[in-house]
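Colleague: Dumping the structure here so I can ask a few things about it.
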Amino acid sequence: MSAFSGDYHLETDGRTVATLDVSCWKAAGTVSIDGTEYSLSREHLLDGAFVLQGGGEELARAVKPSAFRSRFDLEIGGRQLTLARPSAFCRAYQVVDGEEVVGTLRPAGWFTRRVLVDLPSDWPLAVQVFVFWLALVIWNRENAAVVVAAAGS
């Protein structure tokens, strides 16, 4: 919404379809879609899987196999996928099913918070927002590390 807000309006064709409120203090958030609230969180405070819950059930799960890599192993609807960067030198992410790229997420530019998201249209919107939020978790951590490094210089 603004440079100092943890909120995001997610749009399709210029129309807001969801509102994402990201916690400033931990890897957590909520997404509101047509009046229904979903929670995005980690199973434990500092470790464990990232989960999407709605209606009292788990809708998607992601495990980060290494703290040193920008990759998640996803479980969505019983399918195993991967969310990872195609190269260490770019900020974009790809969702890969086996060997096939089924989706992408990439910043719209260097000095904007806008992100272009292209995920399978048959995925529920809450699941698409969850995948976006996972990329956002990494981007926010990287930005915080840059600020800390610059402050230490």
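Colleague: Name the residues in region 53-81 that are among the small types (Gly, Ala, Ser), surrounded by 11 or more Cβ atoms within 10 Å (Cβ to Cβ) and out of contact with any Phe, Trp or Tyr (no Cβ under 6 Å at 6 or more places or on another chain), would you?
Modeller: Residues of region 53-81 that are among the small types (Gly, Ala, Ser), as a first pass: 54-56, 60, 62, 66-67, 70, 77-78.
Checking which are surrounded by 11 or more Cβ atoms within 10 Å (Cβ to Cβ) leaves us with 54, 60, 62, 70, 77.
70, 77 - these are the residues of region 53-81 that are among the small types (Gly, Ala, Ser), surrounded by 11 or more Cβ atoms within 10 Å (Cβ to Cβ) and out of contact with any Phe, Trp or Tyr (no Cβ under 6 Å at 6 or more places or on another chain).
Colleague: When you scan region 128-140, do you find a residue that is at pLDDT 80 or above and part of a loop (DSSP other than H, G, I, E, B), even just one?
Modeller: No; the residues of region 128-140 include none that is at pLDDT 80 or above and part of a loop (DSSP other than H, G, I, E, B).
Colleague: On to the next question. List the number of the failed condition for residue 28; all other conditions in (1) more than 14 Å from the chain's Cα centre (by Cα); (2) modelled with pLDDT under 85 hold.
Modeller: Residue 28 satisfies all of (1) more than 14 Å from the chain's Cα centre (by Cα); (2) modelled with pLDDT under 85 except (1).
The values are calculated or read from the model by the stated rules, or taken from the named source; none is laboratory data. Since this is a predicted model, take the numbers as computed values, not measurements. When we count neighbours, we look across all protein chains shown, and the Cβ atoms used for this are built from the backbone with ideal geometry, even at glycine.
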